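Structure first, commentary second.
The values are calculated or read from the model by the stated rules, or taken from the named source; none is laboratory data. Worth saying up front: this structure is predicted, and the values here are computed from it rather than measured. Every residue, glycine among them, receives a Cβ derived from its backbone with ideal geometry; neighbour counts consider all protein chains shown.
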Amino acid sequence: MTSDYYETHAATFFAETCAVDMEPLYRRFLPYVCPAGHLLDAGCGSGRDARAFRERGYTVTACDASPTLAALAATYIGIPVAVCRLQDVAWSETFDGIWACASLLHVPQLELAAVMQRLARALKPAGVLYVSFKYGVGEREQNGRRFTDLDEAGLTALVDRITGLELQEIWITADRRPERASEQWLNARLYQC
């Protein structure tokens with residue numbers, strides 16, 4: 001199960017991801033969030049992105065489903081990290097932006113629309129949502145983790161099912177980790193309308 005994987009491998013995952021340079025992706029997201037706005041790092045993993053956002057002057061809330069990873073991230077970021085599955089997000093009109101980087105891809109495909117609807121509700125009016133998925137189609141398991149892969153058509157069809165979200169931009173990138181540069185990611189920026 002995916003949650004067991006992150007509990008078992010939390011220290012390794014933290015070490016492998018906390019220093020990855022995500023600056024090119026921040027440049028596609030942060031200009032659309034009001035300065036010093038309130039961001040949710042949904043599925044924060046190592047806390048790398050939440051820390052970067054705090055350093056840029058944003059108010060940050062972070063959550064992760066793995067208690068061990070959340071504890072490591074809290075120390076790294078310098079703020080408490082809520083232990084919360086994305087399926088249980090219950091905020092309402094709280095955030096100017098939500099960063100869901102490589103986190104929604106662990107949600108089963110049948111649950112994705114409901115989870116995205118929860119994230120849409122958590123955004124303030126005109127709030128911005130960033131999401132990323134491994135590029136592809138369908139569900140799979142790899143090394144103890146489950147993935148839902150999406151391409152442009154799959155993401156567009158998913159967003160069409162969600163009230164209050166509209167796609168602003170979709171783009172494809174290579175993995176930011178040099179040893180995985182051959183892996184492709186589907187990125188998207190959406191806004192609350």
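Could you name every one of the strands (runs of 3 or more DSSP E) located completely within the stretch 117-193 that has at least 3 residues being in contact (Cβ under 8 Å) with a residue 40 or more places away in the chain and under 21 Å from residue 40 (Cα atoms)?
Output list reads 123-134, 165-174, 184-192.
Any idea which of 103, 46, 92 is within 25 Å of residue 172 (Cα to Cα) and without any contact (Cβ under 8 Å) to a residue 40 or more places away in the chain?
Result: 46 is the single residue among 103, 46, 92 that is within 25 Å of residue 172 (Cα to Cα) and without any contact (Cβ under 8 Å) to a residue 40 or more places away in the chain.
Looking at residue 81, is it buried (at least 20 other Cβ atoms within 10 Å of the Cβ), among the β-branched types (Val, Ile, Thr), at pLDDT 95 or above and over 20 Å from residue 8 (Cα atoms)?
The answer is no for residue 81.
Identify all residues within the stretch 8-21 that are assigned to a helix (DSSP H, G or I) and within 18 Å of the chain's Cα centre (by Cα); write none if there are none.
Correct list: 10, 13, 14, 16, 17.
Quick check, is residue 32 within 17 Å of residue 100 (Cα to Cα) and of a type in the set (Ser, Thr, Tyr)? Before the answer, list the steps.
Numbers: within 17 Å of residue 100 (Cα to Cα): yes; of a type in the set (Ser, Thr, Tyr): yes.
Here the answer is yes, as residue 32 does meet what is asked.
Right, residue 134: more than 17 Å from the chain's Cα centre (by Cα) and surrounded by 13 or more Cβ atoms within 10 Å (Cβ to Cβ) or not?
no
For residues that are closer than 27 Å to residue 176 by Cβ and in a helix (DSSP H, G or I), tally how many sit in the stretch 85-116.
The number of residues fulfilling the criteria is 10.
Exactly one of these conditions fails for residue 76: (1) in contact with a strand residue (DSSP E or B) (Cβ under 6 Å, 6 or more places away or on another chain); (2) in a helix (DSSP H, G or I). Give me its number.
With (1) in contact with a strand residue (DSSP E or B) (Cβ under 6 Å, 6 or more places away or on another chain); (2) in a helix (DSSP H, G or I) applied to residue 76, the lone miss is (1).
Residues of the stretch 13-39 being closer than 25 Å to residue 68 by Cβ and of a type in the set (A, V, I, L, M, F, W, C), which ones?
Residues satisfying the conditions are 13, 14, 15, 18, 19, 20, 22, 39.
What are the residues in the stretch 54-69 that are crowded, with 23+ Cβ neighbours inside 10 Å and more than 11 Å from the chain's Cα centre (by Cα), if any?
Matches in the stretch 54-69: 60, 66, 69.
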